[in-house]
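Here is the structure we will look at, set down as structure tokens.
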Amino acid sequence: MKKVLFAAFLLMAALLLSYSIRKGDVLRVEVVGYPDLTRDCTVDIEGAITFPYVGRVKVEGLNVEEVMKLLEEKLSFSFSEPKVVVSLLKIAPRSVYISGVVNRAVDMGMEDLTVSKLLSLLNSTVDLSSVDLSSVKVVRNGKVYTLDLSSLLWGEIPEKDIVLQENDQVILPEKSYTDFVKIVGAVAKPGIYPFKKGMTLVDLLAVAGGTTQESSGRIVVLSGKETLEVSEKEIYQKNVPLKPGDTVHVQKLDERFAYIVGAVARPGMYTFSKEESLTLKNLVAKAGGLSIDKRFIEKVLITRDGRTLEYDPDVLDENIEIKVGDVVEIKKFEKTEVYVSGYVSRPGVYEISPKENVTLEKLLSMAGGIKGTLEEVESIVVTREASVITLSPDRLDFSVKPGDVVNVKEFIPKKAYILGYVRNPGLYTFGKSEAFTLRNLIAKAGGFVDESQVVSVKVEGKEYFTDEIVKEDIALEDGVFVYVERYTDRFVYMVGDNVSRNGKMSFEKEEPFTLSTALKKYGIEDFSLIKGLSLLRNGKEMTFDPKKILTEDVPLEKGDTVLVRTVQTKRIYFTGDVYGYVDFAKDEDITLEKALARFGKVQRKYVSGLKVIEDGRVQQFDELVDVPLEDGAVVEIDLKESIRVYVDGFVRAPQMVMFEVDEAPLLDRAIVKAGGYREDALFEAGNITVLRDGHEITVPKEQASSFELEDGDLVFVRYREKTHVYVFGEGITNTLVTFEDEETPTLRSVLGKVGGVKSTGSERIVVVKPDGEKKEVNYEDVIETGGPVLESGSVVFVPLETENFAYVVGEVARPGAYELKGDVTLLKLIAQAGGLSNWALRTKVVLRRGEKEFTYDFTNIEEVQNVKVEPGDVVYVPPVETNYVYVLGNVRNPGIVKVDKYSTVFDVVMRAGGFTDRAATNRTFLFKGGPQGEVTVCDLSGVLSGKGGGVNPSVSPGDVVFVPDNPLIQVTEALSIVNTIFNTVKNVKDVMGW
């Protein structure tokens, strides 16, 4: 047993080491010795994770060991020889998509899976006898692979089998012929017989009792689209093999018959009585009619006496005569299928006729259209036989042909962060036509503040100088962090008798950084007038002879304090966060308390610490104490500073909050200052993200009381949806039921929370899933078994015994079941449910009726007001696919900003980089739904200053926020400016593809 467990452990270790990280995986990252840094990191849509002290780093495609080494390398800049442990906590689904006889997605897990293994997994739920195993197709990256897996029926290994990859599409076509053979005509026992491997014509005649005296001696074998004629005398010499689905006809004497194969419902041999006309039309009718649309028929072939006649498909509309024994083949085009994959609503296989001119536009319409807008499409790749054609998204007039594989590739904008010495630091995205280079990124950020002050630009461990950036196009990687380093100001602190020049003294690049230069800048030309000269550096005092400075100059270091004394009284100098001095008489005793009282510029409560430097000795104090001081002593004072942070997200009043010097800047207190967490029936506060110096720190909600903030932090409180179920109906409490994380939302637990079903209620319970799928269960079964586990957002409905209800789920004000009284239209039903929410995708409201599904556009009122709703209908209102607003005017990064249900005007302004210095914060305009919508004037000055109040409404997709620079601007003037901007894009709905 131990050996088995050890082997299993080795196998799992090997799998983990070889496994490549994918989007959606969850990694647990631990730093040995630093338990507070342990994080569960989800690999995002761009293949990256975020970790403290590292920021965002791409891990997709790496194995676990490679991720460990990468994080250790990144953390080594902040920790000494860090040891990182990475484990795979959760694996994202590795799905393949099956269509044809069955439609579903299958998660392959970590192990490799071949097509034959996939079929064995499906065998318990799918009848493989209905699958045409000889023509299984796999669509991968625009290529189609056809496999013959028929040997699986005989328990043999297929000659060709391939290992599936993630996102492969497997097509299981329905079998045209069953695993039987049929024999009719002049035999003793005509009928259908099971096919056996290796079966021949002689074998079938034997099981059918042989031929009778009525036999004409002519035998015809119909095998698929082919026919074979043999004489009864030849069958023993030819040994004709049969295939599953073959039909054998032993012709009778004087029998009127004809054969039909190909694109008809029931291919085979059909007899005609003396009264029936032997015509093509009658033969097709006997065969159940055409199995496909006539536009997919290439030609009609009639074989008679060894000669084959060819006809146009229009002959099927004519009543032409045929002869006894004719073989008619309704031949369809060999290629009619087009494969559509990628960024479309319904990827799959679609049939087109080679006779028609089908454009990409029409084909994509058949596939439900592009998911978003054409702007979100990078290219459309058409694979045709051995050639690959790459088209721009505007080439929708391109003609597709049967056999083409069309892949619509989504464009994913590249992103880069730039911080440091640029005008508008922040996150920038690049469009399809924009070169993703360092030069362009700097230009997007408004350029350098002052190019002459730039030292270098750092990009992922590399360093570039300004002349390199101008000369070369330096390509960037997606998600890169760029830091522009400015020339660090060289400075010293001057303390002395020249009060007007005391404090911080800066040096230009070209100035000598020496003590003599500092004295001259301080205003002393004659050094012989100096009575005392000393230098404080790293807590040590150095004394110099002023007369020797001109000949023996002293180099300075950044942060030095220079003490210059030109008078003979007793003097105490102050430096640090305050500058100056106080004088005392020669016979006066000096103490620290007395010196501070005479200085008069510092309150005790604002002092965080101080140092006293005398004769090269340094005394350090964490609080004020009264100690004696000597003439010339230096007191270095550190003052507490107020802290300002921005609080955004799932709070009552998003704004900037301030901590006074005597307040502890804890995260939970900042949230309280912003009004506390929002209260909502469906949502609750989740983890908190703190953006600090370009890095994201994730703080669990329960740790908010111990997390200390720093000045300039941006706090974003995230939210999560509670598991919830809507309950409606007769004999039951109509309410919203929510669940805690540890609770399982079974139907029985829902009924328990609402007090069960009263005697007036029905025994039937209807459950409608969030996507509109409906299921009916019995009350007694629920009580006994617990019933199904419900998805969040489901509707539980107890109907009347005579059900006359329709169901509405999704983005409406009040999801639920509604009784239909009289004629109810789709428009009226949505009105009963409170109307569409601001987050509804109005152009694609789905009505499900049994197995059928209809899509309606609620921007076309004439269309939906005439649609009648029937009992049992389910209406599903999906959420918007493009949840963006426009932020224009005096913000640092104007443009499109992504929003959620709790975003406010202040939120989107902060996500657009915040206000510029010229912004009129008390007169921000909100245009609901676009420039022509309702206008709200918002005063955000109180929110920004931390005082609260003002107008800060919520925003919805399609809104426009405009920040002017004139606090007296009128609505008409603001509208004119916004309309000017939108003249090039017509309106918000066109831009967003709604």
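Being crowded, with 21+ Cβ neighbours inside 10 Å, modelled with pLDDT under 85 and touching an Asp or Glu at 6+ places or on another chain (Cβ under 6 Å) narrows it down to one of Thr575, Thr569, so name that one.
Thr575
Assessment of region 422-438 against the conditions (open to solvent by 50 Å² or more (accessible area, probe 1.4 Å) and outside any loop (DSSP other than H, G, I, E, B)) yields at least one matching residue. Just so you know, in region 872-924 the residues that are among the aromatic types (Phe, Trp, Tyr) and at pLDDT 80 or above include one that is farthest from the chain's Cα centre (by Cα), and it is Phe915. When Glu541, Glu552 are checked against the criterion of being free of Cβ contacts under 8 Å to residues at least 12 places away in the same chain and not assigned by the TED database to the domain that holds Lys586, a single residue qualifies: Glu552.
Every residue in region 657-674 that is in contact (Cβ under 8 Å) with a residue 60 or more places away in the chain and either exposed (fewer than 15 other Cβ atoms within 10 Å of the Cβ) or in a strand (DSSP E or B) (or both), please. Within region 657-674, Val657, Met658 qualify.
Within region 716-746, the residues that satisfy the criterion of being aliphatic (A, V, I, L, M) and crowded, with 18+ Cβ neighbours inside 10 Å are Val717, Val725, Val727, Ile732, Val737.
Within region 568-591, can one find any residue that is among the aliphatic types (A, V, I, L, M), assigned to a loop (DSSP other than H, G, I, E, B), closer than 21 Å to Ile637 by Cβ and touching a residue at least 60 places away in the same chain (Cβ under 8 Å)? Yes: region 568-591 contains one or more residues that are among the aliphatic types (A, V, I, L, M), assigned to a loop (DSSP other than H, G, I, E, B), closer than 21 Å to Ile637 by Cβ and touching a residue at least 60 places away in the same chain (Cβ under 8 Å).
Looking across region 300-326, the residues that are of a type in the set (A, V, I, L, M) and over 17 Å from Arg218 (Cα atoms) come down to Val300, Leu301, Ile302, Leu309, Val315, Leu316, Ile320, Ile322. Can you work out which of the residues in region 825-855 that are among the hydroxyl-bearing types (Ser, Thr, Tyr) and farther than 24 Å from Val767 by Cβ is surrounded by the most Cβ atoms within 10 Å (Cβ to Cβ)? So, considering only residues that are among the hydroxyl-bearing types (Ser, Thr, Tyr) and farther than 24 Å from Val767 by Cβ, the one surrounded by the most Cβ atoms within 10 Å (Cβ to Cβ) is Thr843. Among the residues making up region 639-651, none is open to solvent by 70 Å² or more (accessible area, probe 1.4 Å) and either at pLDDT 85 or above or closer than 25 Å to Ser534 by Cα (or both). In this entry, Gly729 passes the filter for residues that are outside the structural domain of Val651 (by the TED database), over 24 Å from Pro35 (Cα atoms) and touching a residue at least 12 places away in the same chain (Cβ under 8 Å).
Set side by side, the residues Glu310, Glu329 differ, and just one is touching a residue at least 24 places away in the same chain (Cβ under 8 Å) and not in a loop (DSSP other than H, G, I, E, B), which is Glu329. Whether a residue is open to solvent by 20 Å² or more (accessible area, probe 1.4 Å) and β-branched (Val, Ile, Thr) was assessed, and Thr303 passes this test.
Only one entry in Glu66, Glu81, Glu73, Glu111 is open to solvent by 20 Å² or more (accessible area, probe 1.4 Å), in a loop (DSSP other than H, G, I, E, B) and at pLDDT 80 or above, namely Glu81. Residue pairs whose Cβ atoms lie under 6 Å apart, separated by 6 or more positions or on different chains, with the first residue in region 201-228 and crowded, with 19+ Cβ neighbours inside 10 Å and the second in a helix (DSSP H, G or I), are Leu201/Ile235.
Within region 353-363, take every residue that is open to solvent by less than 40 Å² (accessible area, probe 1.4 Å) and under 35 Å from the mean Cα position of the chain (by Cα) and give me the one that is nearest to Ile260 (Cα to Cα). Filtering first and then ranking leaves Val358.
Just the residues that are open to solvent by 70 Å² or more (accessible area, probe 1.4 Å) and farther than 19 Å from Asn538 by Cβ, please, taken from region 619-630. Step through it out loud before you land on a result.
First pass over region 619-630, keeping only residues open to solvent by 70 Å² or more (accessible area, probe 1.4 Å): 620, 622-623, 626, 628, 630.
Across region 619-630, the qualifying residues are Asp622, Glu623, Asp626, Pro628, Glu630.
Here Phe858 fits the description: in a loop (DSSP other than H, G, I, E, B), among the hydrophobic types (A, V, I, L, M, F, W, C), in contact with a strand residue (DSSP E or B) (Cβ under 7 Å, 6 or more places away or on another chain) and free of Cβ contacts under 8 Å to residues at least 40 places away in the same chain.
Taken together, the residues in region 388-419 that are at pLDDT 85 or above, touching a Gly at 6+ places or on another chain (Cβ under 9 Å) and assigned to a loop (DSSP other than H, G, I, E, B) amount to 0.
Scanning region 882-902 for residues that are assigned to a loop (DSSP other than H, G, I, E, B) and either crowded, with 22+ Cβ neighbours inside 10 Å or of a type in the set (A, V, I, L, M) (or both) gives a single hit, Val899. Flag not set for Val757, criterion: buried (at least 17 other Cβ atoms within 10 Å of the Cβ), hydrophobic (A, V, I, L, M, F, W, C) and at pLDDT 80 or above.
Taking into account only those residues within region 335-352 that are without any contact (Cβ under 8 Å) to a residue 60 or more places away in the chain and open to solvent by 30 Å² or more (accessible area, probe 1.4 Å), which is nearest to the chain's Cα centre (by Cα)?
Going through the qualifying residues, I end up with Ser345.
Scanning region 652-675 for residues that are aliphatic (A, V, I, L, M) and at pLDDT 80 or above turns up Val657, Met658, Ala664, Leu666, Leu667, Ala670, Ile671, Val672, Ala674. Return yes or no: is Ile320 open to solvent by 30 Å² or more (accessible area, probe 1.4 Å), in contact with a helix residue (DSSP H, G or I) (Cβ under 6 Å, 6 or more places away or on another chain) and β-branched (Val, Ile, Thr)? Yes, satisfied. Entry remark, region 84-97: residues being within 23 Å of the chain's Cα centre (by Cα), surrounded by 13 or more Cβ atoms within 10 Å (Cβ to Cβ) and either β-branched (Val, Ile, Thr) or part of a strand (DSSP E or B) (or both) number 6 in total. Residues that are assigned to a loop (DSSP other than H, G, I, E, B) and under 14 Å from Glu65 (Cα atoms) were ranked within region 5-37; the one that is modelled with the highest pLDDT is Ile21. Taking region 447-552 as the region of interest, the strands (runs of 3 or more DSSP E) fully inside it that hold 1 or more residues being under 35 Å from the mean Cα position of the chain (by Cα) are 454-459, 462-464, 480-486. Checking each residue in region 229-238 for being open to solvent by 60 Å² or more (accessible area, probe 1.4 Å) and closer than 30 Å to Ala265 by Cα picks out only Glu229.
The values are calculated or read from the model by the stated rules, or taken from the named source; none is laboratory data. Every value quoted in this text rests on a predicted model; they were computed, and no experiment measured them. Cβ sites come from the backbone with ideal geometry, for glycine too, and all protein chains shown count toward neighbours. The accessibility values were calculated without ligands, DNA or RNA, using every heavy atom of the protein model including side chains. Shrake-Rupley method; radii C 1.70, N 1.55, O 1.52, S 1.80 Å.
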